[in-house]
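We did not get these values from a lab; they are worked out from the coordinates using the rules stated. Note that the coordinates shown come from a computational prediction; the quantities given were computed from them, not determined experimentally. Here the Cβ is made from the backbone with ideal geometry for all residues, glycine too, and neighbour counts use every protein chain on show.
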Amino acid sequence: MSSFGILIKQSRENRGLTVRALADAIGKSPGYISRIEVRGEIPSVELVVELATALEGDAERFLECAKNDSMERATNEVETKYQDALVLFRKGKRDA
Amino acid sequence: MRERPFRLKPEILTNGEIQNRAERLTLNFAEQVGLDVARLGINFQVVYEEIIYPDYGIEIQEGLDLGFDDAGKKIFGRFLPVENIVQIDRVISHNHNHPQRAFTYWHEVGGHGVLQGEWLRKQVKLHGGLSSIATTEDSLSFGVVNALERQANVFAARAGAPNWLLYHVVAETMDLTRPVRYIGPFKYSLQIRGRTETVTVKSFEHLCWIIGKRIQFRFGWLSAEALGYRIAETSMVKDFAKSRFELHRVGNDRRSIPVFLSPVGDILAGMVS
């Protein structure tokens, strides 16, 4: 679970809201909230603000958390690609 | 007097009740997304996101190494009733081509979590003892003796391939206007998505498996074995080979004569080689 997903879940539970109630509040399907909380999906900036409003939370904190998750994901992706490229380069050098 | 150790028992439910609950779960999903969309196909992931997580709050932890049970069998999944968490071993979660992947998720989350979760929590509250239910490959077979596992399998089979979708998909895929008739181990000409395919069929179960294999993609790649089992349960494929050799009494004569129930045309069609 991503930090943003955890933040949404905790805020929702603290407010005593169900997944369905939160989904209704922001006009999305319950599946969308599930994907944020469980699959770590990061919504658009506008939706992050809407979520913060619905959960009566600090929008800046929500945005910061979403940004950190996005950064972490991007860093991991670049690192994985770099490692894959390195393996290919070394293999090519060995073969040559 | 020595106290007997407490053994957790499942709620007493008939197969019909379990199947109804599974069917209802998927119908809720169909209502949520619309029947036209749901009829395109069903898979665990979307039902989990749209219905199971919002309504039952079951969390899934994937990519873990759950190790082996006391008998040395690999643990595929585990349900923790008090925490309402399902854990899936990386053998299943990280291998999208694992034949038992979809069924394991339905078994753990649907069977143990949705069907038995509430009951198990109550039982643990009353008697204590149980911390988790572990599932190995053996638990996923339909011949399993353990009642908790058997119930979870019945639920998983029905939720993974509910009747309302299975009948529609089989009829659509096979261009059916009447049930497929199995009349013995021959070569069969099957109409599959408008094309004629000639297949060698070894048994009734094999015919169901062949059909299951061709509709897997509409059921989130549920295994052909599980789909074959479900197809065999329906009346879409009929085993006439079995009934051909059923013995019938005629009048007062106690001698028995075999009666061929399949029309001659079917037998000839089945013998096309």
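If the reach is capped at under 26 angstrom between alpha carbons, list the lysines near A:LYS93, excluding any in the same chain fewer than eight residues apart.
Cα-Cα hits under 26 Å: A:LYS81.
State, as an integer percentage, the relative contact order of chain A based on alpha-carbon contacts under 8 Å between residues 6 or more apart. Don't jump to the answer; show the numbers that get you there.
Numbers: 73 pairs, mean separation 27.3, N = 96.
Relative contact order here is 28 percent.
If Lys and Arg each add +1 and Asp and Glu each add -1, what is the summed charge of the other residues whose beta carbon sits under 15 Å from the beta carbon of A:PHE62? Mind showing how you got there, number by number?
Values: positive: A:LYS9, A:ARG12, A:ARG15, A:ARG61, A:LYS67; negative: A:GLU37, A:GLU41, A:GLU46, A:GLU50, A:GLU56, A:ASP58, A:GLU60, A:GLU64, A:ASP69.
Here the count lands on -4.
Picking from B:VAL33, B:GLN100, B:LEU115, whose Cα lies most toward the positive end of the charge dipole for the protein assembly as shown (charges on Cβ: Lys, Arg +1; Asp, Glu -1)?
B:GLN100
For B:LYS238, B:LYS202, which order do you get if you count the other beta carbons within 10 Å of each Cβ and list the fewest first? The partial results should precede the final answer.
Numbers: B:LYS238 19, B:LYS202 11.
Sorted ascending by nearby Cβ count, the order is B:LYS202, B:LYS238.
Taking region B:57-93, which trypsin sites (Lys or Arg not before Pro) meet the DSSP loop condition and have no more than 14 other C-beta atoms within 10 Å? Spell out each step's value before the answer.
Details: sites: B:LYS73, B:LYS74, B:ARG78, B:ARG90; in loops: B:LYS73.
Qualifying residues, ordered by number: B:LYS73.
For B:GLN61, what residues show an amide H to amide H distance below 5 Å, using hydrogens built from the backbone and excluding near sequence neighbours?
Correct list: B:VAL86, B:GLN87, B:ILE88.
How would A:ILE26, B:ILE58 line up from fewest to most surrounding beta-carbon atoms within 10 angstrom? Don't jump to the answer; show the numbers that get you there.
Numbers: A:ILE26 15, B:ILE58 21.
By the 10 Å Cβ count, ascending: A:ILE26, B:ILE58.
Roughly how many Å is it from the Cα centre of region A:34-64 to that of region B:63-142, as a whole number?
Centre-to-centre distance over Cα atoms comes out at 31 Å.
Please report, in debye to the nearest 20, how large the charge dipole of chain A is about its Cα centre when each Lys and Arg carries +1 at its beta carbon and each Asp and Glu carries -1 there. Don't skip to the answer; put the middle values down first.
On the way: 15 positive and 16 negative charges, 113 e Å.
Result for chain A is approximately 540 debye, rounded to the nearest 20.
Which of the lysines could be linked to B:LYS238 by a straight reach, that is with a Cα gap under 25 Å, when you skip same-chain ones fewer than 8 residues away?
Candidates past the 8-residue exclusion: B:LYS187, B:LYS202, B:LYS213.
Sort B:ILE12, B:ILE42 by Cβ crowding within 10 Å, fewest neighbours at the top.
Working: B:ILE12 8, B:ILE42 25.
Going from sparsest to densest Cβ surroundings: B:ILE12, B:ILE42.
With a cut-off of 8 Å between alpha carbons and a minimum separation of six or more residues, what is the relative contact order of region B:1-137 in percent?
Numbers: 151 pairs, mean separation 36.4, N = 137.
The normalised contact order for region B:1-137 reaches 27 percent.
Return the average number of partner chain Cβ atoms within 10 angstrom of each residue Cβ along peptide B:47-60. Please list the in-between numbers first.
Details: counts 1, 4, 12, 6, 3, 1, 9, 12, 4, 0, 5, 1, 4, 3.
Per residue, the number of nearby Cβ atoms from other chains is 5 on average.
Let me check I've understood the local charge: for A:ARG20, count other residues with C-beta under 15 angstrom from its C-beta, Lys and Arg +1, Asp and Glu -1. What total comes out?
Values: positive: A:LYS9, A:ARG12, A:ARG15, A:LYS28, A:ARG35; negative: A:GLU13, A:ASP24, A:GLU37, B:GLU31, B:GLU49, B:GLU50, B:ASP55.
Counting the neighbours of A:ARG20, the net charge comes to -2.
What does the charge count around B:THR173 come to, taking other residues whose C-beta lies under 10 Å from its C-beta (Lys +1, Arg +1, Asp -1, Glu -1)? Let's see the in-between values first.
Details: positive: B:ARG193, B:ARG214, B:ARG218; negative: B:GLU172, B:ASP175.
Result for the neighbourhood of B:THR173: +1.
Once amide H atoms are built 1.01 Å from N in the peptide plane, which residues 5 or more positions from B:ILE75, or in another chain, come under 5 Å H to H?
Close amide H contacts, sequence-distant or interchain: B:GLY67, B:PHE68, B:ASP69.
Once you order the gyration tensor axes a ≥ b ≥ c over the Cα atoms, which shape class does region A:1-66 get: rounded for a/c under 1.5, otherwise prolate or oblate by comparing a/b with b/c? Intermediate results must be reported in sequence, preceding the final value.
On the way: a/c = 1.25, a/b = 1.12, b/c = 1.12.
Rounded, since a/c falls under 1.5.
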